[in-house]
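Take a look at the structure set out below.
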């Protein structure tokens, strides 16, 4: 997902935090972009879960390259699972020595 940080009504960072709390979109790859040039904006976006952060204006070829790099970096990750499925899988595939905790 390409997400602009400067949206009317809600910032992109706030929306990204809501996505990360969602059982369906918690692992959606997100690249944020903005016209702001401060490093604190980038730090906030990365802390909220953005995989990349691009400042405007940007070259369209550069944007395509960054999207492809983000997708390549996630290619070997496990496929998306709903959080409930992940928790159930972890509970059923733990050894008896492991504590009864579910890490998401």
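Count, please, the residues in the range 65-79 that happen to be part of a helix (DSSP H, G or I) and farther than 13 Å from residue 33 by Cα.
Here the count works out to 7.
What's the total number of residues in the range 32-56 that are in contact (Cβ under 8 Å) with a residue 12 or more places away in the chain and not in a helix (DSSP H, G or I)?
Residues flagged as in contact (Cβ under 8 Å) with a residue 12 or more places away in the chain and not in a helix (DSSP H, G or I) within the range 32-56 amount to 14.
In the range 10-30, is there at least one residue being surrounded by fewer than 20 Cβ atoms within 10 Å (Cβ to Cβ), under 23 Å from residue 62 (Cα atoms), at pLDDT 85 or above and touching a strand residue (DSSP E or B) at 6+ places or on another chain (Cβ under 7 Å)?
No: the range 10-30 contains no residue that is surrounded by fewer than 20 Cβ atoms within 10 Å (Cβ to Cβ), under 23 Å from residue 62 (Cα atoms), at pLDDT 85 or above and touching a strand residue (DSSP E or B) at 6+ places or on another chain (Cβ under 7 Å).
Within the range 76-89, is even one residue modelled with pLDDT of 85 or more and over 15 Å from the mean Cα position of the chain (by Cα)?
No, the range 76-89 contains no residue that is modelled with pLDDT of 85 or more and over 15 Å from the mean Cα position of the chain (by Cα).
The values are calculated or read from the model by the stated rules, or taken from the named source; none is laboratory data. Just so it is clear, the model here is predicted, and its values are computed rather than measured. Cβ sites come from the backbone with ideal geometry, for glycine too, and all protein chains shown count toward neighbours.
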